Amino acid sequence: MLAKKIEELELRLAEKEEKLLEKDLIFEEVTRLADRTKKKSESGKEDTLELAKKVGDRLSVLQRCFHSDE
């Protein structure tokens, strides 16, 4: 009777450990995906800033060209 109870508890423990490992794997994957998303977002911000600077530079050149004609 005691051996059967121990066996049942060991089985339950093994099931819980398996579920915990699955949750850990899911957590790790979500963390990796979140990190990749954050990096892409930051990269996109840098690209947008760089593009805005280039556009600003071009506008300055155009403004100088038009104002020098006056």
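The values are calculated or read from the model by the stated rules, or taken from the named source; none is laboratory data. Given the structure is predicted, the values throughout are model-derived calculations rather than measurements. FYI the Cβ positions are ideal-geometry reconstructions off the backbone, even for glycines, and counts take in every protein chain you see. For the accessible areas, the whole protein counts, side chains as well, though only heavy atoms, and no ligand, DNA or RNA atoms are used. Shrake-Rupley method; radii C 1.70, N 1.55, O 1.52, S 1.80 Å.
Take Ser43 and tell me if it is at pLDDT below 95, surrounded by 10 or more Cβ atoms within 10 Å (Cβ to Cβ) and of a type in the set (S, T, N, Q). For Ser43, the condition - at pLDDT below 95, surrounded by 10 or more Cβ atoms within 10 Å (Cβ to Cβ) and of a type in the set (S, T, N, Q) - is met.
Okay, residues lined up against (1) at pLDDT 90 or above; (2) exposed (fewer than 10 other Cβ atoms within 10 Å of the Cβ); (3) among the polar types (S, T, N, Q):
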| residue | (1), (2), (3) |
| --- | --- |
| Glu15 | yes, no, no |
| Leu20 | yes, no, no |
| Phe27 | yes, no, no |
| Asp47 | no, no, no |
| Val55 | yes, no, no |
| Cys65 | no, yes, no |
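Taken over the stretch 1-12, the residue count meeting the criterion of being among the aliphatic types (A, V, I, L, M) and open to solvent by 100 Å² or more (accessible area, probe 1.4 Å) is 3.
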